[in-house]
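**Q** The structure follows.
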Amino acid sequence: MRNLLRLCPLLLAAALLFGAGPAFAGKRVALVLANSAYQHAPSLANPVNDGAVMAKTLKEAGFDVVDSRHDLSAQETRRVLREFADATRSADIAVVYYAGHGIEVEGSNYLIPVDAKLERDTDVYDEALSLDRVLVAVEPAKQLRLVILDACRDNPFGKTMKRTVASRGIGRGLAQVEPTSPNTLIAYSAKAGFTAQDGDGANSPFTVALSKHLATPGLDVRRAFGFVRDDVLKSTGNKQEPFVYGSLGGEDVPLVPVKVAAAAPGAPVANPQADIRRDYELALQVGNRAAWAAFLAQHPDGFYASLAKLQVEKIGAEQAHAAATEKAKQAEAERDRLAALGAQKDAQVRAAADAKAAEQAQLAAQKAKEQAQQQAAAAEQQRVNLAAAAPSAAPTSTVSPAGTNVASLTPATAPADLSRSVQTELGRVGCYSGQADGNWNTPSQRSLSQFNRYAGTKLDVKVASTDALDAVKAKPSRVCPLVCEHGFKADGDKCTKIVCREGYAVNNDNECEKQRAAKPAKPATAKRDDGDERPARQRRQGGGGAAGTAGGYGAAAGIATAAGASRPSGGGQIFCNNTGCRPVNRGCHLEYRGGGGPSNDANAEVCN
């Protein structure tokens, strides 16, 4: 009993050690596929190099299985995927990385083996492997299924293959995809519909960024791909933007868990900066000046205060850039207006000088904004790296725990601030036109639903969440289309009234159309009535007049019979031809057959 009591502290320390690890520290398996030596297309220089780098990165990250293959045929690729699917049955995390050619046909994505010919568009079904086949291979994994495609290159097969059906579409790059399985992410080296660059070195910019960030211990996989996106945009001059499709839950999902050092028996693990860290993370989620001001008022000094000041400088630089851009637009518009009006030369010169000065100020603000963003991003990366290197002194998660009572931003005000931030961002991307008041009401929910529709996301519209804020912030420009009422047209981000010149008016298609002159009203004509109520004189004219002229009786009789053709009997009707006129026989009626003239009766007597 005494020995058991001596072991209790050690058992408690071991329980804390293994219990403190991340939830996603189970078995991890990976498959790396790289195709360079294409037999029926020009060879690619980088994919095999990229595959080697990713295989090394995943092995050093401690993955239990890393199967690396290159230059496989279609049959060999199917066999490897089948074997890998067996390995994923006991895995918690499964990763497939592919580098090579890919193609999109009719909205479906395919990976191209090295022996594919693809002479016709329908050959992809036999010679290539669909992305769905790869997703089946990672499906058994329990907690995370990740497919990474560095396959958005400019594809030579799409230019040469024959179309069996003219309407079958072959897209540029890969098509957008929405995973149907939960906890599944699909990462593209370039956004859907765009192509990626191989880069000037031995590896593509996408793979270089992946090897730098994806295996960072404790770093959530979504934030890792965020850093990858930033690096690729910077290295390609904003020409290539990686994109991730799919969604995960609220917990952090690192590919590499943080190694927790064993604690001394009986010694509690203390983190004196835990409260400051939680305050900082909440302010980072809200992301506006008010949040950072509240944080700095509570924590004016220290490491996190320095990070917060960089965030404030970034916000100020972004606002200054927006103001400078608007001022430059106004100056250019004034210069163009004066030029169009033929104003005096000195006025045009002043306007041109103002426009040039505004443009220079805009460029300076743009440079300051980029510098502030880079400094803030570098500081945030430093914070994450410190968290991974020293978990006891820095945060290991970038998500504030649910229900945390933060001193500087109380729970009573934080939800309203978060809702206001989401509303502001939704307004920036053109999905919300109301006032950002922090009240998450029906219009706000409808605007987030519109964002889901046009951005391809599946955010919960019932609440304003940090996931929603991050997703909307990630969009650099308008997402929801500008919808204007009839008689108005889109002018930038505003609706302006359509003004037509004299004699033109807006039609149903919202275009100026020439108005037609009003036609003069036709004189009213009395309807012919062949009933018994018609005066006798008119009845005589209807019969005698037609018999008197052989060329005109057909039209007159046709008018008379057109009015009475539906009557079952011929009472009151008169049949006329070149021999004369007579009453229609009882039980008969006239039917108008058209024509009229000599030897061509316009009417025929029909008897039931």
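The values are calculated or read from the model by the stated rules, or taken from the named source; none is laboratory data. Keep in mind it's a predicted model, so treat the numbers as computed, not measured. Reconstructed Cβ throughout: ideal geometry from the backbone, glycine too, with neighbour counts over all protein chains shown. Ligands, DNA and RNA are stripped out before the accessible areas are found, and what is left, the full protein with its side chains, is counted by its heavy atoms. Shrake-Rupley method; radii C 1.70, N 1.55, O 1.52, S 1.80 Å.
**Q** Limited to segment 422-436, what total is found for residues that are farther than 29 Å from Thr184 by Cβ and surrounded by 21 or more Cβ atoms within 10 Å (Cβ to Cβ)? I'd like the intermediate steps shown before the answer.
**A** Filtering segment 422-436 down to residues farther than 29 Å from Thr184 by Cβ leaves 423-424, 427-428, 430, 432-436.
Add one more test, that the residue is surrounded by 21 or more Cβ atoms within 10 Å (Cβ to Cβ), and what stays is 423, 432.
Residues meeting the conditions: 2.
**Q** Give me the pairs: first residue in segment 300-315 and within 19 Å of Gln366 (Cα to Cα) and touching a residue at least 60 places away in the same chain (Cβ under 8 Å), second residue among the aromatic types (Phe, Trp, Tyr) and surrounded by 18 or more Cβ atoms within 10 Å (Cβ to Cβ), beta-carbon distance under 6 Å, and six or more apart or on different chains, which are they?
**A** Hits for this filter: Gln311/Trp292.
**Q** So, of the residues in segment 298-327 that are open to solvent by 70 Å² or more (accessible area, probe 1.4 Å) and among the acidic types (Asp, Glu), which turns out to be nearest to Ala379 (Cα to Cα)?
**A** The extreme case among them is Glu313.
**Q** Tell me, which residue of segment 211-243 that is among the aliphatic types (A, V, I, L, M) and closer than 17 Å to Arg153 by Cα is surrounded by the fewest Cβ atoms within 10 Å (Cβ to Cβ)?
**A** Just the residues of segment 211-243 that are among the aliphatic types (A, V, I, L, M), to begin with: 214-215, 219, 221, 224, 228, 232-233.
Filter once more, keeping what is closer than 17 Å to Arg153 by Cα: 232-233.
On the way: Val232: 26, Leu233: 17.
Going through the qualifying residues, I end up with Leu233.
**Q** Tally the residues that are of a type in the set (D, E, K, R) and open to solvent by less than 20 Å² (accessible area, probe 1.4 Å), restricting the search to segment 454-479. If you could, list the steps in order and put the result at the bottom.
**A** Taking segment 454-479 as the starting set, the residues that turn out to be of a type in the set (D, E, K, R) are 458, 460, 462, 467, 470, 473, 475, 478.
In the following step, the residues that additionally are open to solvent by less than 20 Å² (accessible area, probe 1.4 Å) were identified as none.
Summing the residues that are of a type in the set (D, E, K, R) and open to solvent by less than 20 Å² (accessible area, probe 1.4 Å) in segment 454-479 gives 0.
For (1) over 19 Å from Pro47 (Cβ atoms); (2) hydrophobic (A, V, I, L, M, F, W, C), each residue gets a yes or a no:
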{"site": "Asp71", "(1), (2)": "no, no"}
{"site": "Ala91", "(1), (2)": "yes, yes"}
{"site": "Leu118", "(1), (2)": "no, yes"}
{"site": "Ala128", "(1), (2)": "no, yes"}
{"site": "Asp132", "(1), (2)": "yes, no"}
{"site": "Arg145", "(1), (2)": "yes, no"}
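**Q** Something else about it: Any residue in segment 240-253 that is closer than 20 Å to Ala190 by Cβ sitting within a Cβ distance under 7 Å of a residue that is among the hydroxyl-bearing types (Ser, Thr, Tyr) and modelled with pLDDT of 85 or more? List the pairs, counting only those 6 or more apart or interchain.
**A** From residues that are closer than 20 Å to Ala190 by Cβ, the pairs are Pro242/Tyr188; Pro242/Ser189; Phe243/Tyr188; Gly246/Thr184.
**Q** Shifting gears a bit: Restricting attention to segment 90-107, which residues are on the phi < 0 side of the Ramachandran plot and assigned to a loop (DSSP other than H, G, I, E, B)? It would help to see each step written out before you state the result.
**A** Step one: of segment 90-107, the residues on the phi < 0 side of the Ramachandran plot are 90-99, 101-105.
Answer for segment 90-107, where residues must be on the phi < 0 side of the Ramachandran plot and assigned to a loop (DSSP other than H, G, I, E, B): Ser90, Ala91, Asp92, His101.
**Q** Touching a residue at least 12 places away in the same chain (Cβ under 8 Å), assigned to a strand (DSSP E or B) and open to solvent by less than 10 Å² (accessible area, probe 1.4 Å): does that describe Tyr110? Lay out the reasoning, then the answer.
**A** Details: touching a residue at least 12 places away in the same chain (Cβ under 8 Å): yes; assigned to a strand (DSSP E or B): yes; open to solvent by less than 10 Å² (accessible area, probe 1.4 Å): no.
No, not satisfied.
**Q** If you take the residues in segment 185-201 that are touching a Phe, Trp or Tyr at 6+ places or on another chain (Cβ under 9 Å) and among the polar types (S, T, N, Q), which one is surrounded by the most Cβ atoms within 10 Å (Cβ to Cβ)?
**A** Our first condition is that a residue be touching a Phe, Trp or Tyr at 6+ places or on another chain (Cβ under 9 Å); within segment 185-201, this holds for 185-192, 194, 196-197, 199.
Okay, now just the ones that are also among the polar types (S, T, N, Q), so 189, 197.
On the way: Ser189: 31, Gln197: 20.
Restricting to residues being touching a Phe, Trp or Tyr at 6+ places or on another chain (Cβ under 9 Å) and among the polar types (S, T, N, Q), the top hit is Ser189.
**Q** Can you find a residue in segment 437-453 that is open to solvent by less than 40 Å² (accessible area, probe 1.4 Å), modelled with pLDDT under 90 and closer than 25 Å to Glu326 by Cβ?
**A** Among the residues of segment 437-453, not one is open to solvent by less than 40 Å² (accessible area, probe 1.4 Å), modelled with pLDDT under 90 and closer than 25 Å to Glu326 by Cβ, which makes the answer no.
**Q** Which of the residues spanning segment 184-204 are of a type in the set (Lys, Arg) and at pLDDT 90 or above? Let's see the steps before the verdict.
**A** Kept after step one, since they are of a type in the set (Lys, Arg), are these residues of segment 184-204: 191.
Scanning segment 184-204 gives no hits.
**Q** Taking into account only those residues within segment 475-496 that are under 19 Å from the mean Cα position of the chain (by Cα) and without any contact (Cβ under 8 Å) to a residue 40 or more places away in the chain, which is farthest from Cys512 (Cα to Cα)? If you could, list the steps in order and put the result at the bottom.
**A** Pass one, segment 475-496, residues under 19 Å from the mean Cα position of the chain (by Cα): 475-483, 493.
Narrowing the set further to residues that are without any contact (Cβ under 8 Å) to a residue 40 or more places away in the chain leaves 476, 483.
Values: Pro476: 34, Val483: 19 Å.
Only one residue tops the list, namely Pro476.
**Q** Okay, next question. Do you know which residues across segment 205-227 are under 17 Å from Gly51 (Cβ atoms) and modelled with pLDDT of 90 or more?
**A** Residues of segment 205-227 that are under 17 Å from Gly51 (Cβ atoms), as a first pass: 205-212, 214-215.
Of everything in segment 205-227, those that are under 17 Å from Gly51 (Cβ atoms) and modelled with pLDDT of 90 or more turn out to be Pro205, Phe206, Thr207, Val208, Ala209, Leu210, Ser211, Lys212, Leu214.
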